[in-house]
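First comes the structure, then the notes that go with it.
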Amino acid sequence: MQIQELVAVGSKTTMRIGGQARYYAEIATKEDAEEALRFSKEKNIPLIILGSGSNTVFADGVIEALVVRIKADKTSVEGNQIRVEAGKNLAMLINELAKQNLDLSALTGIPGTLGGAVFGNAGQGQKGIWIEYYVKDVTALIDGRWQTLPKAACEFKYRESVFKHMKEPLILWEVILEVPTRDRALVEAEVKVLLQKRIETQPHIKTAGSCFKAVGDTPAWKLIDAAGLRGTKIGDVQIAEKHANFLLNIGKANYEDAKAIVKKVKKTITEPLDVEMRFIEPDGSLAF
């Protein structure tokens, strides 16, 4: 593993906001993961897993952390059990499995890697299908020790998992999925329909994905829309007209503008909203 200094990480995110990481590395083996964890402990700095850059906004300037991107993406198929490393692009996985008559189409259109999807239990809306439906177990490096957690121990809920709340340094590494069989043509047709729906209902330009998660039964976008905030701008950050739960970088947006618009939403809406997007402060901590 090669550790680089002062690497521009804002440009590696889908929203294109943010400055440099004090340290940056790409890891492809378990040994790399162990070395990254040791390095962060030796330097007494946070370890931040970037994935493919969705759902993350970095502060401007220098982030005092080790930012790691997982490049491990091997996939092996044994019947309906699929062993996949965490760096695998989710869209690629869906397409590859479809060719083997395996149906993961319900997760179509979700950006990012498998590891990120498991970390946040990504999926459809509150009453839809999430990745937990397919997970058998998850292998992770937790505070320096490799552990394999069965599905029950992952404590999945709507856009939640036990991993999101662990205080120990954590690197998700491998997932075993149990994926149902379905004819390839039917899976590919379903993927096409779901992709078209996403294109029609969600923006796809300089956005980090859904920003908020509703605590109650009303979806976050409905609460934001009802508050009259759709289309609101602060600097070059805008609440999307197409989908009110998406923030857009419509020019040369900066971190403070992105934070300000989140604070405006939280202040305006009386019902509780969780900030699902990660806002990484200069010291590597989360802003919200």
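Dipole check for the chain: with +1 at the C-beta of Lys and Arg, -1 at the C-beta of Asp and Glu, and the Cα centre as origin, the magnitude is about 680 Debye. In the chain, a dipole from Cβ-located charges (positive for Lys and Arg, negative for Asp and Glu) runs towards its positive end, and of Ala152, Gln202, Ser11 it is Gln202 whose Cα lies farthest in that direction.
Close amide-amide hydrogen proximity is noted between Val62 and Gln20, each under 5 Å apart and 5 or more residues distant or on a separate chain (H modeled in the peptide plane; Pro and chain starts excluded). Arranged from fewest to most other beta-carbon atoms within 10 Å of their beta carbon, His243, His204 become His204, His243. Between Ile199 and Gln100, the FRET efficiency estimated from the beta carbon spacing at R0 = 35 angstrom works out to 0.85. With the cut-off at 1.5 for a/c, could you classify segment 21-112 from its C-alpha gyration tensor as rounded, prolate or oblate? The shape class here is oblate. Checking every one of the GluC sites (Glu not before Pro) in segment 123-185 against DSSP loop status and a limit of 15 other Cβ atoms within 10 Å picks out Glu155. For a modelled paramagnetic label at His165, 7 Å from Cα along Cα-to-Cβ, the residues of segment 187-225 in reach, with backbone nitrogen under 15 Å, are 215.
Within segment 155-247, the trypsin sites (Lys or Arg not before Pro) that combine a DSSP coil assignment with at most 13 other C-beta atoms in a 10 angstrom radius are Lys167. Taking the chain as a Gaussian network of alpha-carbon nodes connected by springs under 10 Å, the highest mean-square fluctuation of the residues Gln196, Gln238, Gln20 belongs to Gln196. What you get for segment 215-266, charging only the Cβ of Lys and Arg (+1) and of Asp and Glu (-1), is a dipole of about 80 debye around the Cα centre.
For segment 75-186, the alpha carbon positions stretch 44, 30, 22 Å along the principal axes, listed from largest to smallest.
Kindly provide the helix-only [θ] at 222 nm of the chain, computed as the sum of -39,500 (n - 2.57) over DSSP H runs of four or more divided by all residues, to the nearest 500 deg cm²/dmol? Walk me through the intermediate numbers first.
On the way: 6 runs with 68 residues, N = 288.
Mean residue ellipticity, 222 nm, calculated: -7000 deg cm²/dmol.
Remark: the Cα gyration tensor places segment 203-280 in the prolate category, a/c being 1.5 or greater and a/b exceeding b/c.
In order along segment 66-77, phi translates into HN-Hα couplings of 9, 9, 10, 10, 7, 9, 5, 9, 5, 10, 10, 10 Hz, rounded to whole numbers, per the Karplus curve 6.51 cos²θ - 1.76 cosθ + 1.60 with θ = phi - 60° and x for Gly and Pro.
Gain on full extension, evaluated as 0.36 nm per residue between Lys263 and Trp146 minus their Cα-Cα distance, stands at 38.3 nm. Think of segment 52-174 as a dipole: +1 on every Lys or Arg Cβ, -1 on every Asp or Glu Cβ, centred on the Cα centre; then among Asn55, Ile142, Ile94, Ile94 lies furthest on the positive end. Given a 10 angstrom Cα cut-off, can you work out which residue in Ala189, Ala86, Ala28 is the most mobile in a GNM of the chain? It is Ala189. Each Lys or Arg adds one and each Asp or Glu subtracts one; over the other residues with Cβ under 12 Å from the Cβ of Asp236, this totals +2. Couplings 3J(HN,Hα) of segment 222-228, computed from phi: 5, 5, 5, 5, 5, 7, x Hz, in residue order, whole Hz [Karplus 6.51 cos²θ - 1.76 cosθ + 1.60, θ = phi - 60°; x for Gly and Pro].
Anisotropy class assigned to segment 121-268 is oblate, per the alpha carbon gyration tensor with a/c at or over the 1.5 cut-off and a/b no larger than b/c.
Relative to its residue count, the chain spans a Cα convex hull of 120 Å³ per residue. Put in line by how crowded their Cβ is, counting other Cβ atoms within 10 Å and starting with the fewest, Trp130, Trp173 read Trp173, Trp130. Beyond 32 Å in Cα-Cα separation lie the following of the pairs Lys30/Lys164; Lys43/Lys259; Lys192/Lys266: Lys192/Lys266. Residue order for Val215, Val7, fewest other beta carbons within 10 angstrom first, comes to Val215, Val7. Taking N as the number of residues in segment 4-70, what is its alpha-carbon radius of gyration divided by 2.2 N^0.38 Å? In units of the 2.2 N^0.38 Å rule of thumb, it is 1.03.
A short reminder: the numbers here are calculations on the coordinates, not readings from a lab. Predicted, not measured: the structure shown is a model, and the values here were computed from it. Ideal geometry is used to build each Cβ from the backbone, glycine not excepted, and the neighbour counts take in all protein chains shown.
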